[in-house]
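Below: the structure, in structure tokens.
The values are calculated or read from the model by the stated rules, or taken from the named source; none is laboratory data. The structure presented is a predicted model; accordingly, all values stated were derived computationally and were not measured. For neighbour counting, all protein chains shown are included, and Cβ atoms are generated from backbone atoms with ideal geometry for every residue, glycine included. We work out accessible area using only protein heavy atoms, side chains counted, and drop any ligands, DNA or RNA first. Shrake-Rupley method; radii C 1.70, N 1.55, O 1.52, S 1.80 Å.
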Amino acid sequence: MERICLTEDIPEREARSYETANGDNIFITQRDGCFYAYQNLCPHLQTELEFLENQFLDRDQEFIECSTHGALFLVETGECISGPCQGQSLEKVAIKVHSDGGIYLED
């Protein structure tokens, strides 16, 4: 299993981007103590979501936001609820939080 980061690296209601060993660009965010990971690609035009490094959430830190088109996605499911890709979803990345505090990609 590939360790991506530690839970302490991702504060509540923030997100961080990482490159995996196979070259995928993903981001992980935390909401209410749970961690969610997605490919860093908007389903609309396959562009990266953030304009500034690690700026994946909207101003209120309530939704994931595509900086190119302003599309909004639910943190828990990746579903687009507003914008040009409404009805589509971000591609979820399977992760597991281990007792050592590490966040690992699931095989």
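Numbers for the structure displayed
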{"read-out": "Count - residues of the stretch 10-34 that are in contact with a Lys or Arg (Cβ under 9 Å, 6 or more places away or on another chain), within 18 Å of LEU52 (Cβ to Cβ), open to solvent by 50 Å² or more (accessible area, probe 1.4 Å) and not basic (Lys, Arg)", "value": "0"}
{"read-out": "Count - residues of the stretch 68-95 that are exposed (fewer than 13 other Cβ atoms within 10 Å of the Cβ), in contact (Cβ under 8 Å) with a residue 24 or more places away in the chain and touching a Cys at 6+ places or on another chain (Cβ under 9 Å)", "value": "1"}
{"read-out": "Selection from the stretch 35-64 of residues that are under 12 Å from GLY78 (Cβ atoms) and in contact with a Lys or Arg (Cβ under 9 Å, 6 or more places away or on another chain)", "value": "TYR36, ALA37, TYR38, GLN39, PHE56"}
{"read-out": "Check on HIS98, modelled with pLDDT under 95, open to solvent by 20 Å² or more (accessible area, probe 1.4 Å) and not acidic (Asp, Glu)", "value": "no"}
{"read-out": "Pair list, Cβ < 8 Å and 6+ apart or interchain, from the stretch 52-67 residues that are over 16 Å from SER89 (Cα atoms) to residues that are among the β-branched types (Val, Ile, Thr) and part of a strand (DSSP E or B)", "value": "ASP58/ILE64"}
{"read-out": "Scan of the stretch 37-66 for residues that are open to solvent by 60 Å² or more (accessible area, probe 1.4 Å), charged (D, E, K, R) and within 19 Å of THR20 (Cβ to Cβ), ordered by number", "value": "GLU48, GLU53"}
{"read-out": "3 or more residues of a type in the set (A, V, I, L, M, F, W, C): qualifying strands (runs of 3 or more DSSP E) within the stretch 1-82", "value": "3-6, 25-31, 34-39"}
